[in-house]
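Encoded as structure tokens, the structure appears first; notes follow it.
Please treat every number below as a calculation from the coordinates, not as lab data. Not measured: the values here are computed from a predicted model. FYI the Cβ positions are ideal-geometry reconstructions off the backbone, even for glycines, and counts take in every protein chain you see.
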Amino acid sequence: MSAGTLNPSFAAEAPAKSSGTRWIISRQDDLVWFVGTALAGYLALGLLSAGVSLTLLTAVWLVGVDGPQVFGTLTRTCFDQQERRRLGWRLWASLPMLFIGPLAVYSKQGALFYLIAVCWLQYHNTTQQMGFVRLWKARNREQDAFDIKLDRWFLLASGLCPLALLVIKTRPPSILGSLLATDIVATYPILVVIFAIYQLRKWRAGKPMNPPKLLFMAVLVPLQWLAYGYAARFGPDGIVRAGIALGLVHSLQYQRLMWFLNKNEKHASAAVPARKFGYYLIAAAGSYVVAELVPQTVFPADRLVAALLGIVFMRYVLDRTIWRDREHKELAAALHL
């Protein structure tokens, strides 16, 4: 799910607000899959700190959780006849992403390419978080412009500032890096205070507080700072450790939402495995092994690995396409908006 994933036009179509909190799927599902999955990130950090094999945890993350996200996006695009017709040329416009990595490696810019890949990954994860927040706001008829902007900037800063500090710490010292780090350390706490005071004023004024949104932020924001703070102890290689902790959360949230959508679609052209959760997991993990792990094992070349990473980039682009389409009314219906 990508930046501002829920289009504002969908929010306008939400039903009149009823008493009590409204959830994306249900109270139990939202708390378990969208809020509670943060526990997987904290658990991963605990296991890594306890000395559990990084290779083992990476394999669990990639094969069982993160890799299958590609399959989840495919069920909404290439595997769905109606979506293929609706997206048209936009479905294939992301194919050039496959060539960016190999060209970067060939031109001796592999390190820069992987740094950009990591930054894009975290931006993608952060914008997914904004997407969930927008869904909860739409379900609960929160349309205050300042409230929307404050949530957006708070989430963006909470996701990107710790990553920026990690990058600065693991790169050669520079004046620009020192100035940026000082600016982050000085200004981020101010944003936290503004956000907290605003929520307190809303509560004291008797306005609805949107508990799922606040719980979501309360568990994810500290996790991001802990993950990147822990990763900084290991230099540039630490980014993989942070990626496991944060990627587990992102992947579990995303796959639960995709399964929910595929079950709710009125048309029958979506792939059958997308509708049966057990089949979905098997097909998703299997497709990742065949499409990425096997080629990397048989042909262990830097250019091939960089090309396969382009598949992930393609998913990022497709995610923005399918989630930000203003004309996709069936998506709004499937989300119960």
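How long, wide and thick is the stretch 82-222, going by the Cα atoms along their three principal axes, in whole angstroms, largest first?
The principal-axis extents, from largest down, are 60, 52, 23 Å.
Output ³J(HN,Hα) for the stretch 170-180: one whole-Hz value per residue in order, computed from phi by the Karplus curve 6.51 cos²θ - 1.76 cosθ + 1.60 with θ = phi - 60°, and x for Gly and Pro.
Once θ is set to phi - 60°, the couplings for the stretch 170-180 become 9, 9, x, x, 8, 5, 4, x, 5, 5, 5 Hz.
Highest first, please rank the peptides 128-138, 50-60 by the mean number of other Cβ atoms sitting within 10 Å of their residues. List each step's numbers first, then the result.
On the way: 128-138: 23.9, 50-60: 11.8.
Ranked from most to least packed, the peptides come out as 128-138, 50-60.
Given the pairs Lys149/Lys169; Lys169/Lys213; Lys149/Lys213; Lys149/Lys207, which are separated by over 21 angstrom at their Cα positions?
Correct reply: Lys149/Lys169; Lys169/Lys213.
If neighbour count is taken as other Cβ atoms inside 10 Å, put Leu115, Leu43, Leu176 in order from fewest to most. It would help to have the intermediate numbers written out before the result.
Working: Leu115 16, Leu43 12, Leu176 8.
Lowest to highest Cβ neighbour count: Leu176, Leu43, Leu115.
Considering the options Ser178, Pro189, Val240, tell which one lies farthest towards the positive end of the dipole of the stretch 155-259, charges being +1 on Lys and Arg and -1 on Asp and Glu at the Cβ, about the Cα centre.
Going by the charge dipole, the pick is Pro189.
Please list, in order along the stretch 144-152, the HN-Hα scalar couplings obtained from phi with the Karplus expression 6.51 cos²θ - 1.76 cosθ + 1.60 (θ = phi - 60°), rounded to whole Hz, x for Gly and Pro.
5, 5, 5, 4, 5, 5, 5, 4, 5
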